[in-house]
Structure formats: structure tokens, C-alpha cells
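Worksheet for the structure shown next.
The values are calculated or read from the model by the stated rules, or taken from the named source; none is laboratory data. Just so it is clear, the model here is predicted, and its values are computed rather than measured. As a convention, Cβ positions derive from the backbone with ideal geometry for all residues, glycine included, and neighbour counts pool all protein chains shown.
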Ligand code: AMP
């Protein structure tokens, strides 16, 4: 708008390295994953074309029938023509149905599904206090939301991971600047003049709307629902959508009028669009003489500190500074919940780099990543985003430079590690008309949710614009003698001094003062601000004619400059260093948008045990889950409560967020309650020496001793191991026993003292060992059966039939060797 596979540790399981080949899920619990439908295929345009052709054919055949009837043609001839007409109508309605299908997936019934899905997610989020409308008891304020306890925890986890993934990994310099910003800063950056959206008003009620949103809604509605759109109209509307961001107030107003768009709530006529500045204005101090604004982004705080940060970094480039903080935008008519709000958390990185060298030392680390990219060529051709290898996109010049590409790759890793679905994440390049004039290349990380594709992270190469703007801004202060001007530049020492020609412009304040009195200052500034070409042209004119007409924009008129008023010379100088304004590459993260999309991507429903209701689950990865585990005493019992408290202490010591649920409710209900806020692990206390840990998604359980439990949960919660790793390492202990059992095959197997005492295997397991040839006991409710391959086919499925407790059959060749 402005200016315009989990990390899995090296396995501790001996199986990982040598034995595990295939896991055949024989029995899997059903779950109804209520995910929103995906985007349409590309055939919509073709189908519209076909439909138009078929309809034209129907019309002309109908005309032919009419003519035959009018001239009194033979019945047989008329019948043939009528049959042809019927056949054409059937073909037309078939194409119409296919088009309807495609549109439904995109908008029609798909939109209803998406709306229902969103309602389910939002209801759960609000009911479980992830977030609520701010000031609710006073009926709330549009675009302002409070995060409740689980929401705060998710946000804190996302920000902690952001710091780890970016600030720590890249040695970024983090700063924390005020939200209240003096006007002069935002004047220099261009926000005071241009941080606007075009607004229209309901002419009768005065209700305000964003003009581009009204046009966008109209166009989308037409494309999704109007089957009778001609190909020309369809192309026109698609084009309007593509250039929407680039329309001037006049063009936007003309389109609203042309399409007859009125106020959505009242159908009243609308005013012409006019710019509305989105910044909240304030004044700093009691006098009211010092205007200021609540910052609309955090970036300016970094730019104005560039000089000090550069020094802090040992006067070396490249380096990056980062800031997390609140941003404020007085959005015209905020809709879409957390996606468009008036106060939100931004996390921004400003990576300063030499404009002559935008390579990145760590680009190789991300070059092989492959994900959905949507370059402008594909957008203009009306195609869909397609998977591309990042390295190729940079080498082919689709992404402008390595540093920009590096950050695209790092953003991809960040979002997917958080739990954003790879299939619903794409990187869309800005169209040329979308980018600010100074920007070199911009890509948005867009995440698909029930509202469509949403820009969540903007990654832009902003060239040297920002630092130049503040250099000019602070020079302006210097000229007004309020403060020293600060050139926000970097230096590169030459190995040997080099000789350069420098243009020197020296206005004579005395002569200018005599000639122009009070205007002298403005004319001096205008002369100093001349470009090299302008200065050389003036020098030539002064030498040949002795004077020249010079336009002074600030005065709004031309003045006559004479030879004695300014000296322009070219001097040779030795230079020891190159002085330049660094370019800025800026990834800018809307934290609320990322979190909302994460909520949608993690939400699903699954049937309860009795299958009579659907239970909500947030499958947050442990990294972002608001609480890492819950502790439940299985039944109300003093001893178990005491054990739960001991476990709680060890979890606290290990830094694991948790809650104890000692309500007498059934265990099933307590699981459902924690699944609904996305707690990944539940510890059930059913003994005073060992407990079970249950995984939220698979519902698998393992048994561990009280002393180990905090460490095990910490390992998975911190991402050092996955749940699968934990299952395997527990299995590995058993597997060693299995091997021993295998070696002692025969009567020895029956001796509980040899085996059951070592592994705690149950009688069932021992029986299985006897019958199947090999053991696989895993914990209380899970059993694993290990078989050589030739056994697998004939015995594996049979065993499952006989022993419904068996969840998986594994093929483990190294153990086959032992057999
Ligand atoms: P921008 O400076 O407009 O490119 O915005 C930077 C990021 O802030 C965007 O990528 C969004 O994720 C986020 N953002 C912008 N405006 C809003 C808003 N009104 N509410 C929530 N997030 C926003």
C-alpha cells in the first residue's frame, strides 16, 4: 500500500540408521479434516469461451428453425432442424454445468463451505479466548482485538521463533523504537503525503468504504456467479482486477459509476473517491506545537538509526537490523477479523547491502528449496502459481538478486516450520504497476485461507530510497539550523586513492541576498540541489550568455541567475573511499495475519470415540502450541494428585508450559478440551512410578518413568525430536528384547522371568512372540509386530485380525537377518 518434516534430531534409535524401511499403517483412526477448498483450475476462461460459442450456435439454429417455419418448409425438414437445436441446447447446458462446477469450487458452494469452515474456526478461537473483540462490553471497536491467554502464548511462540530464525541466525541488530513518531520523520519518508487509501462515502448515511474493495468485491462476484458474462466482459473484469492497485481516484470513480456500484449496506449512491491518510495523528507534549503520528510501520525507526547501527557493526556491510513492535493504521472499513486491523504487530528486517553487490554468502543454503512461486509473467498470462526451484528463479533473473532470493527462502522455511501448509503458501511477485517507483523487485508471501490468498509477508528490494529520504530530510533541518544534517551513507576504502572529477556548486549568498532579499535562502537551496546535468547546463549558459532563467519550485517561479551569483566548477580530487547509500532489502511480517492463517491451517474436526459428535482440534506443531502439555490424574486420588504435582514441578524446571487438570471429568472429555486448544501432549497419571504420554494427533501413547517424563516432553516440545522419534526410541528398547527373544525362540520364550521382567511385556505380547515368530510390544495399548518380509504378507494381516490392539506392522530387515 505504501507510496502507493519437522526438525528431527539425529535419531537415538538404533533402528533409524540400520533397520527401519517401511511402516505399513494397517489400522488408522479416521478423522474428518475439514479444510477449506482449494483454488480453481485454469479452465474457467476456456469454458466461458466454449459456452459463448455454444450459445451463439443455439441462437442461430433457433433462428433457422423460425425461418423454416415462416416459409412453410416440409415437416421432416423442420424436425431435423429442431433435433439439431435440441442437441445444441444439450451441449450448451453441459458446458454451462461444467463452468458452474468450476465456479463453485472457486466461489459458489465453495464459498459457502469456506464460510462455514471459518465460522467453526472463529467460534472455537473466540470461545477458547485465543482472541476477542477489544472493548467488547462497550460493543467493541472495528479493527481492534485482544489476544487472550492461548492467543498470547501462540503469539509469543511465533515471535520467539522469529527471533531465533532471523535475528539469532543472521546476527541481526535488534532495536526497539517508540510508536509515537514526530511528523518530520514521516514527512521525510513520504507517509504524511502519500500513506493513503481511496475512500468513498455513502452520500446519505456518511458510512465510509474503501473504494478499491468495493470494486474488487463487485468484480469477484461477477466472475464467480455470472455465467452469462461475455468473453469480452470476462477479460475486461479480469483486467480491472489485475490493475486495481494502480487505478487513480478518477479511474476508480469512473469504474464504480460504470458498473453502477452503490453502498453495500443501503444501496445509496456513493461519493467520488478521495484519498484518506491512514495514520493516527497526535501531538507530542502539551503545547500542541509538535505534531506527531502513531507509526504505521516499524521500519522508519531503523532507518533513522542507520548511522549508529552501521558504526556498531564496525562500519561494515552487509548487515541487518530488526524490530518487532506495534504499528497503527486507521483502516477505512476493517473487515476480515485479525487480517485487517487498526493496531497490529509487525516484525521487520532491514538488510543493508552494497547496491553493486547483492550476492548473499548463505544463498546456497536455500537455493535447492522448491515451492509455489507466482512470477508476474504467470499472473499476466492468467495462469496459476507453479513450483519453482528458488536457485533457478534467481539465476534466471525472475527474482532480481540473491539477497532478495535468500530472504524469500528463509521466509518459506519460517512459515512452514510454524505449521503453514506448503500447498497453501505461494510467493507472488508484484506487478510493475503495483511497485513503488523506487522499488527494484517485490514478492509477497501469500497464504491461502478461507478469505482467499492473503499477503502475510512483504519482501521488497527498496533500493536506496529510505536512507536517501532521511538524508534529505535531515539536511533540510540542517539548513534550517535546527540540527546537523546526517548523511546516511556507507564507505568502501579503496586499496589505492583514485583521482576523480567533482562538481562544486557554490552559491554566493551575498549577491543572491542583494538581488532576491527574503527569497535568497530558497534560491540557494535550489541551486545546491541541482543535478550534475542541470549544473553543467547552467555553467555553459553563464559562460556564454552571462545569465540564465532558473525555475525555483519552492517559489513557484523562475528567477534570473547571473554569473556573479554562483560558481560552478569541476575540480580534480583524490578520493580514498567510495561513499554510497546502501540498498535496503526489507522482509516485513504481519504477525497477526500469519497467526490467523496458522489457526485455519491447523484446525480440523474428528469424531468423538462414541462417534456421536465432532471434536475440534488445532494440530499446532509443539513449537507454536500455546501450552506444551497437560497433566491429568486418571482418577481422583490423593496419591495421583501428589504425583501430578511432582511432574508439574519437573516440567516447570524444564521450562515446559503446562496445566494440571484435576477436575473429575472423564479422561476423554479432558483430552477433547486440551485438543481443542492444540496442546500436543497429555500426561496421564495412573501410577506413582510411571505415566503415559499421549500424542494429540495420533493419540498414540508411550509409558515413561516419572523421572524421565519432563525430559521426554521437553525433547519433543523443543523440536529436538519428533513424536515418531520418541516412539521409535522407546520401541528400540523393546526391540533389543525382541532380538533376545528371537534368539531364545522356543520354550525359553515362555519364561516370564527372562523377558517380561526385562521389558514389561504383556502376556499377549509373549503369546504373539510365540505365534508369530517375533515380538513387538509397545506400551499399554499399542503393539507392534515385527516380521521378516515373507511373514509379513501372510501373517501380518492375519495377526491384525486376531489382535485388534495391533496398530502397525513393521518390516525390519536387519532383524530378519537375525532370524
Ligand atoms: P505493508 O507495509 O503494507 O506492506 O504491510 C506489511 C505487512 O503488514 C503486510 O504484509 C501484512 O502482513 C501486514 N499488514 C498490513 N496492514 C495490516 C492490517 N491492517 N492489519 C493486519 N496486518 C496488516
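A compact table of results
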quantity: Criterion violated by residue 310 - all others in (1) under 30 Å from residue 353 (Cβ atoms); (2) assigned to a loop (DSSP other than H, G, I, E, B) satisfied; calculated: (2)
quantity: Among residues of region 65-86, those that are closer than 27 Å to residue 229 by Cα and surrounded by 13 or more Cβ atoms within 10 Å (Cβ to Cβ), counted; calculated: 4
quantity: Those strands (runs of 3 or more DSSP E) lying entirely in region 99-202 with at least 1 residues within 21 Å of residue 331 (Cα to Cα) and more than 16 Å from the ligand (Cβ to nearest atom); calculated: 131-133, 180-182, 196-201
quantity: Filter result for residue 629 (within 16 Å of the ligand (Cβ to nearest atom) and either under 26 Å from residue 701 (Cα atoms) or surrounded by 12 or more Cβ atoms within 10 Å (Cβ to Cβ) (or both)); calculated: no
quantity: Scan of region 290-319 for residues that are away from the ligand (no atom under 16 Å from the Cβ) and within 30 Å of residue 276 (Cα to Cα), ordered by number; calculated: 290, 291, 292, 304, 305
quantity: Any hit, region 246-266, residues being within 16 Å of the ligand (Cβ to nearest atom) and either in contact with a helix residue (DSSP H, G or I) (Cβ under 8 Å, 6 or more places away or on another chain) or part of a helix (DSSP H, G or I) (or both); calculated: yes
quantity: Members of region 445-463 that are under 19 Å from the mean Cα position of the chain (by Cα) and within 14 Å of residue 585 (Cβ to Cβ); calculated: 457, 458, 459, 460, 461
quantity: The lone exception for residue 447 - which of (1) surrounded by fewer than 22 Cβ atoms within 10 Å (Cβ to Cβ); (2) touching a strand residue (DSSP E or B) at 6+ places or on another chain (Cβ under 6 Å) it fails; calculated: (1)
quantity: Residues (more than 29 Å from the chain's Cα centre (by Cα) and part of a strand (DSSP E or B)) located in region 687-714; calculated: 690, 691, 692, 693, 694, 701, 702, 703, 704, 705
quantity: Any chance residue 652 is outside any strand (DSSP E or B), surrounded by 12 or more Cβ atoms within 10 Å (Cβ to Cβ) and modelled with pLDDT under 95; calculated: no
quantity: Strands (runs of 3 or more DSSP E) enclosed by region 498-593 - at least 2 residues per element that are within 16 Å of the ligand (Cβ to nearest atom); calculated: 583-590
quantity: Sole residue being within 30 Å of residue 595 (Cα to Cα), surrounded by fewer than 15 Cβ atoms within 10 Å (Cβ to Cβ) and at pLDDT 90 or above, chosen from 116, 153, 120; calculated: 116
quantity: Residues that are out of contact with any helix residue (DSSP H, G or I) (no Cβ under 8 Å at 6 or more places or on another chain) and assigned to a loop (DSSP other than H, G, I, E, B), drawn from region 336-359; calculated: 336, 340, 342, 354, 355, 356, 357
quantity: Tally, over region 347-360, of residues that are more than 19 Å from residue 170 (Cα to Cα) and near the ligand (Cβ under 9 Å from one of its atoms); calculated: 0
quantity: Residue 221, sole failed condition from (1) assigned to a helix (DSSP H, G or I); (2) buried (at least 16 other Cβ atoms within 10 Å of the Cβ); calculated: (2)
quantity: Residues being farther than 26 Å from residue 609 by Cα and over 34 Å from the mean Cα position of the chain (by Cα) - total across region 654-686; calculated: 0
quantity: Unique residue being buried (at least 18 other Cβ atoms within 10 Å of the Cβ), closer than 25 Å to residue 244 by Cβ and within 16 Å of the ligand (Cβ to nearest atom) when the list is 404, 372; calculated: 404
quantity: Residue tally, condition within 7 Å of the ligand (Cβ to nearest atom) and either surrounded by 20 or more Cβ atoms within 10 Å (Cβ to Cβ) or modelled with pLDDT of 95 or more (or both), over region 328-337; calculated: 2
